[in-house]
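The values are calculated or read from the model by the stated rules, or taken from the named source; none is laboratory data. All values reported here derive from a predicted model rather than from experimental measurement. No Cβ is skipped: glycine too gets one built from the backbone with ideal geometry, and neighbour counts run over all protein chains shown. All accessible areas refer to the heavy atoms of the entire protein, side chains included, with ligands and DNA or RNA removed. Shrake-Rupley method; radii C 1.70, N 1.55, O 1.52, S 1.80 Å.
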Amino acid sequence: MAERSDYLYAQVRKKILDAVRTDLIGPMKDDEVLTELPTSSYITGMLYPADSTVTEDENYNEIEFTEGRLDADGNATESVLLEDDEPDESSKGGFKKPSSVGVSFYVNQSVTDLAVDTLWGSYYSDKVEDQSEEDEEKQEKSKKKNKKLVYIREQQYETVQLNLNDIGRAKKIALQSKKDTYLYVIQMQLDNGYKMISVYLHNNDKTTGEKEYERVMFQVEINVHAMDDSSIFVPEYICRKKELDDEYYYKGRPVYARGRGCAAEWNKLDEEQNANMIKSSFIPDYEIPSVSAQVDDVPDKAFSMLQLGKKKKKGVII
């Protein structure tokens, strides 16, 4: 039985993880105002425009937008390139700025409709009056209002409804709310009654004359679900014709999706075998249940790291 201390530790852990995500991905709030470039404030969860060159002291390697064709056993048979032109593979620097992110999952062949929620933040610059005390004193003397440059966030959201019967092998769908940004949807029919689907979000913004951060998509999320939010996403191990040697690992904790350029997470109701939502994640976490070191005839928590770490109990521990 879980103790209250276990619950408190879990709450602390969650707060730490939330703080890490806010610090590395953002935002502090939906309409936050930054005083530095958003590309300097955050380091992950971003999709850069695919045509980025040397800007803002960073370099970009264009990534191949590929997906392997798999059979029912998960074996790759060929690769399919989704871009119209062959990408330039020459390196422009040591750091790759991602322009696409996606998730792959399995559904029954009878599934025909899906909804893909795309969420991200965009930033624009503006000048506002500096409200700092030091500047207020200077302004009183000079009788002139000083202004500072800030970057203001706007939350963006678009849902794309998919009819898998109309997609065929693959389809490129333009988002209405952001120029030159696309969803790539690929479906692979397996010969055992299931199909694997991959959904990518690709930032191919080629707008010129703008700062790079204005074309970057921040705090990117992809959520895939059925129109009626039913549980349609099938565990990976069920879709394989041949059982893997370590399959027993996954029957107890089934895998419902895999990330492409990120990790994948899912929602599942306790009473259901299938999951009802697949989503992308740039900082995933999973709490592994602790192993008890309790031994018969030994006092409770004698081997607890918390207890062993207390200085006052040194003599007792020895």
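The condition of being open to solvent by 40 Å² or more (accessible area, probe 1.4 Å), at pLDDT below 95 and either within 22 Å of Pro284 (Cα to Cα) or assigned to a strand (DSSP E or B) (or both) holds for only one of Ser90, Ser79, that being Ser79.
The residues in region 185-196 that are open to solvent by 10 Å² or more (accessible area, probe 1.4 Å) and out of contact with any helix residue (DSSP H, G or I) (no Cβ under 9 Å at 6 or more places or on another chain) can be counted, and the count is 2.
Considering region 137-164, and only residues there that are in a helix (DSSP H, G or I) and open to solvent by less than 80 Å² (accessible area, probe 1.4 Å), the residue that is modelled with the highest pLDDT turns out to be Leu164.
Listed by first and then second residue, the pairs with beta-carbon distance under 9 Å, at least 6 apart or on different chains, first residue in region 207-230 and at negative phi and part of a loop (DSSP other than H, G, I, E, B), second polar (S, T, N, Q) and crowded, with 22+ Cβ neighbours inside 10 Å, are Arg215/Asn203; Val216/Asn203. Figure legend. Inter-residue proximity from region 280-308: first residues of a type in the set (Gly, Ala, Ser), second residues at pLDDT below 80, beta-carbon distance below 7 Å, spacing 6+ or different chains. Indicated pairs: Ala293/Phe303. There is no residue in region 197-215 that is touching a strand residue (DSSP E or B) at 6+ places or on another chain (Cβ under 9 Å), among the hydrophobic types (A, V, I, L, M, F, W, C) and open to solvent by 10 Å² or more (accessible area, probe 1.4 Å). Screening Ile167, Ile173 for residues that are modelled with pLDDT under 95 and among the β-branched types (Val, Ile, Thr) leaves exactly one candidate, Ile167.
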